[in-house]
Amino acid sequence: MSDATGVLVICECSAGQLPSAGGEIIAAGRQLADDLGEVLVCGLLGHGVEHAAHEAIGHGAEKVYMVDDPLLADFRPEFYLEALANVCRALHPHILLMARTHLGRDVAPRLAARLGTALAQDCLQVKIDPATKQLLATRPVYGGNAMATVLCSETPQFATVRPKAYRPLEPDSQRQGEVIPFQISLDPSLAKTKIVSVAKEETAGIKLEDARIIVSGGRGLGGPEGFRPLERLAKALGAGVGASRAAVDSGWVPYSWQIGLTGKTISPDLYITVGISGASQHIAGCSGAKCIVAINKDRDANIFRYARYGIVGDWQKILSALIEAAEQFHQSPDAPPVSAP
């Protein structure tokens, strides 16, 4: 694509709204487009996406190409892949970004193969090299034990960005932009899967993907009863509750709480771990946290290598003191909102 130009970000639509991951990927693309002096274009896929298209303009996109089709109402990778390949070939972007959501994980590698380019997965930062004007993508490697900065020599330069790695820009309802319908005829016979039913799990409290503060427990809690004080602390802090794979595999808490390589990937402002040793697969899921506070009785636990603050001792005594302080702070009429240090 020698005539490639502009930065294209791909957004999905959720119930007619632009999800938080959409605002985040637009913010990442806005920074790249400004550094290159190029236009920021958003490709928006789904069904009934017009409202979300105007939201994308308000978040920083200059043009939004809407692919609105009933076959895109539910996520089926064959339809999304075909639509995205058509959009990319028509627009010839210089740089292509997607959020590493379930859609991004499933479709991005296939799209890279269709376009004949490479893909930098699960990036925590994307930026432009001032000298070469190429995309530099920083991503965790070796289970989160190191960071690698890579570049793509093919066009489009393609990366997926971890959710919560960027904050959405402040939406501006007065911002002007162009919303352009992108017509594509999807063949129903492309589908290799059929959605039989959808089961939605009801979750109490704050979703881990959206939480700015998360409190997690591991095998060191000793059993499911150990999570009760964690939930109490989380309530006082306005936090989500997570767990290590060991706690989930033991049946103490549901899988939806699991953080790690085989669970959820998180990027909160503050991550408090209690009784978690810090196995590499867990670190791979939380390495994007801005600040980690670790509580563990083993001073040699691997988690302390990644923690900004570490507390060695009996987690029950330490957590009791934290809960008391958090609840007193929360009840104070002059208390400001809780935020990470």
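Val126 - would you say it is within 18 Å of Cys11 (Cβ to Cβ) and in a strand (DSSP E or B)? Steps first, please.
Numbers: within 18 Å of Cys11 (Cβ to Cβ): yes; in a strand (DSSP E or B): yes.
Considered against the rule, which asks whether it is within 18 Å of Cys11 (Cβ to Cβ) and in a strand (DSSP E or B), Val126 comes out as yes.
If I go through segment 164-185 residue by residue, how many of them are surrounded by 14 or more Cβ atoms within 10 Å (Cβ to Cβ) and in a loop (DSSP other than H, G, I, E, B)? Don't jump to the end; show me each part of the working.
Pass one, segment 164-185, residues surrounded by 14 or more Cβ atoms within 10 Å (Cβ to Cβ): 164-166, 168-169, 171, 175, 177, 179, 182, 184.
Going one step further and asking which of them are in a loop (DSSP other than H, G, I, E, B), we end up with 164-166, 168-169, 171, 175, 177, 182, 184.
Selection size over segment 164-185: 10.
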Original post:
If we scan segment 251-264, do we find a residue that is at pLDDT 95 or above and farther than 13 Å from Ser216 by Cα?
Top reply: yes
Original post:
Which one is nearest to Gly104 (Cα to Cα), of the residues in segment 143-163 that are out of contact with any Asp or Glu (no Cβ under 7 Å at 6 or more places or on another chain) and part of a loop (DSSP other than H, G, I, E, B)?
Top reply: Pro156
Subject >> Of all residues making up segment 232-282, the number that are farther than 25 Å from Ala325 by Cα and in contact with a Cys (Cβ under 7 Å, 6 or more places away or on another chain) >> reply: 2
Original post:
Among Val141, Val126, which is open to solvent by less than 50 Å² (accessible area, probe 1.4 Å) and without any contact (Cβ under 8 Å) to a residue 12 or more places away in the chain?
Top reply: Val141
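Please note which helices (runs of 4 or more DSSP H) are completely contained in segment 214-326 and include at least 2 residues that are open to solvent by 20 Å² or more (accessible area, probe 1.4 Å) and in contact with a helix residue (DSSP H, G or I) (Cβ under 7 Å, 6 or more places away or on another chain).
Values: elements: 227-237, 245-249, 280-286.
Qualifying helices (runs of 4 or more DSSP H): 227-237, 245-249.
The values are calculated or read from the model by the stated rules, or taken from the named source; none is laboratory data. Only a predicted model underlies this, so the values are computations on that prediction, with no experimental measurement involved. Don't worry about glycine lacking a Cβ; one is built from the backbone with ideal geometry, like all the others, and counts go over all protein chains shown. Surface accessibility is based on the protein's heavy atoms, side chains included, excluding ligands, DNA and RNA. Shrake-Rupley method; radii C 1.70, N 1.55, O 1.52, S 1.80 Å.
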